[in-house]
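Remarks on the structure that follows.
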Amino acid sequence: MTTEFDMSGKVAMVTGASSGFGVHFAKILSARGAKVVVAARRVDRLESLVAEIKASGGEAMAVPMDVTSAASIVEAFDLAEAGMGTVTVVANNAGIADMKTALKIDEASWDQMIDTNVKGVFIVAQEAAKRMIAAGVGGAIVNTASILGLRVSFGQSSYSASKAAVIQLTKSLALEWAGKGIRVNALCPGYFLTEMTEDAFNSPDAQAYLKSSPARRPGGMDEMTGPFLLLASDAGSYLHGVALPVDGGQCIGTM
């Protein structure tokens with residue numbers, strides 16, 4: 001069925017595809033016709049995801065990628081290009097979280113946060129754009145930011161700083177590459193139940209907070225499908241530099 005979110009003919013790369021949003025993005029891209037390249041450090045998980053996508057009739061391949069290593073990113077794109085063709089859609093999703101108060105953040109953990117959440121996003125986007133331009137094609141890059149890049153919460157200083165940087169980076173890259181047919185936008189998820197957040201959500205404080213939030217619950221993974229596809233597909237062809245909150249109203253509630 002033809003829809004506004006049709007991804008037929010697209011080659012999509014999803015980073016951080018071994019869990020959480022990455023797994024979901026890979027599945028929904030494939031379900032709408034894209035060839036999907038899944039990338040992460042945990043290749044065993046990627047192979048399971050590829051097998052699941054293929055069993056559903058999709059085309060997929062796995063490539064190892066450590067987003068803190070430029071060489072690893074280049075190698076992953078080389079493998080993707082050889083196997084599927086030029087990547088024209090990127091779900092730039094790899095990232096980490098580390099809930100610590102500012103006085104407990106050491107230099108090593110700060111550097112890891114920035115290397116993964118900011119430098120990694122930049123190098124993946126840059127490599128994708130270089131190859132799209134060389135191939136004479138446009139495309140879409142969707143960076144995963146956070147509502148904590150738009151506002152702050154207690155004990156999240158390094159994470160909030162990294163995601164705020166992703167939002168500004170998104171806008172800057174969008175400005176530079178719009179004329180080249182490359183759209184760059186960002187999703188800003190609120191609190192969704194994923195592997196990364198599961199332990200935190202089990203705490204009484206987290207449960208009390210969620211019940212006091214505007215929607216009074218965390219987001220379900222399917223509630224990210226429409227916002228992501230809007231930014232990734234041609235349905236969002238006139239969207240550049242958007243930082244889209246998907247948060248059940250948390251940005252307008254108390255933090």
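The values are calculated or read from the model by the stated rules, or taken from the named source; none is laboratory data. Every value quoted in this text rests on a predicted model; they were computed, and no experiment measured them. We place every Cβ from the backbone using ideal geometry, glycine too, and count neighbours over all the protein chains shown.
Condition check ((1) surrounded by 24 or more Cβ atoms within 10 Å (Cβ to Cβ); (2) aliphatic (A, V, I, L, M); (3) closer than 19 Å to Thr101 by Cβ; (4) without any contact (Cβ under 8 Å) to a residue 40 or more places away in the chain) across all residues:
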residue: Gly139; (1), (2), (3), (4): yes, no, no, no
residue: Asn143; (1), (2), (3), (4): yes, no, no, no
residue: Ser146; (1), (2), (3), (4): yes, no, yes, no
residue: Ile167; (1), (2), (3), (4): no, yes, no, no
residue: Lys171; (1), (2), (3), (4): no, no, no, no
residue: Val184; (1), (2), (3), (4): yes, yes, no, no
Response to the item:
Contact list, first residue from the stretch 19-36 and in contact (Cβ under 8 Å) with a residue 40 or more places away in the chain, second anywhere and charged (D, E, K, R) and buried (at least 24 other Cβ atoms within 10 Å of the Cβ), beta-carbon distance below 9 Å, six or more apart or interchain, is Leu29/Lys35
Practice prompt. Return a yes/no flag: does the stretch 47-57 have any residue that is out of contact with any Pro (no Cβ under 7 Å at 6 or more places or on another chain), closer than 20 Å to Asp115 by Cβ, surrounded by fewer than 23 Cβ atoms within 10 Å (Cβ to Cβ) and touching a residue at least 12 places away in the same chain (Cβ under 8 Å).
Written response: no
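Residue-wise test of (1) hydroxyl-bearing (Ser, Thr, Tyr); (2) touching a Phe, Trp or Tyr at 6+ places or on another chain (Cβ under 7 Å); (3) closer than 23 Å to Asp234 by Cβ.
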| position | (1), (2), (3) |
| --- | --- |
| Thr3 | yes, no, yes |
| Gly22 | no, no, yes |
| Ser30 | yes, no, yes |
| Gly33 | no, no, yes |
| Gly57 | no, no, yes |
| Ser72 | yes, no, no |
| Ala76 | no, no, no |
| Thr86 | yes, no, yes |
Worksheet item: So which residues in the stretch 235-255 are out of contact with any strand residue (DSSP E or B) (no Cβ under 6 Å at 6 or more places or on another chain), surrounded by 14 or more Cβ atoms within 10 Å (Cβ to Cβ) and closer than 18 Å to Thr170 by Cα, if there are any at all?
Response: Gly236, Gly241
Worksheet entry | Options Gly33, Gly20, Gly85; residue that is at pLDDT below 95 and either within 30 Å of Leu148 (Cβ to Cβ) or in contact with a Lys or Arg (Cβ under 8 Å, 6 or more places away or on another chain) (or both) | Gly20
Practice prompt. Give the stretch 46-82 a look and list any residue that's over 21 Å from Ile28 (Cα atoms), β-branched (Val, Ile, Thr) and touching a Lys or Arg at 6+ places or on another chain (Cβ under 9 Å), or say none.
Written response: Val67, Thr68
Response to the item:
Counting only helices (runs of 4 or more DSSP H) entirely within the stretch 149-255, those with at least 3 residues that are closer than 21 Å to Phe122 by Cβ, at pLDDT 80 or above and not small (Gly, Ala, Ser) are 157-177
Fill in: helices (runs of 4 or more DSSP H) completely within the stretch 28-127 that count 2 or more residues being touching a strand residue (DSSP E or B) at 6+ places or on another chain (Cβ under 9 Å) and over 28 Å from Tyr159 (Cβ atoms)
43-55, 70-84
Item to complete: Could you tell me which numbered condition Ser146 fails, if it satisfies all but one of (1) small (Gly, Ala, Ser); (2) modelled with pLDDT under 95; (3) under 17 Å from Gly22 (Cα atoms)?
Response: (2)
Worksheet entry | Positions within the stretch 210-220 being buried (at least 17 other Cβ atoms within 10 Å of the Cβ) and under 30 Å from Ala12 (Cβ atoms), in sequence order | Pro218, Gly219
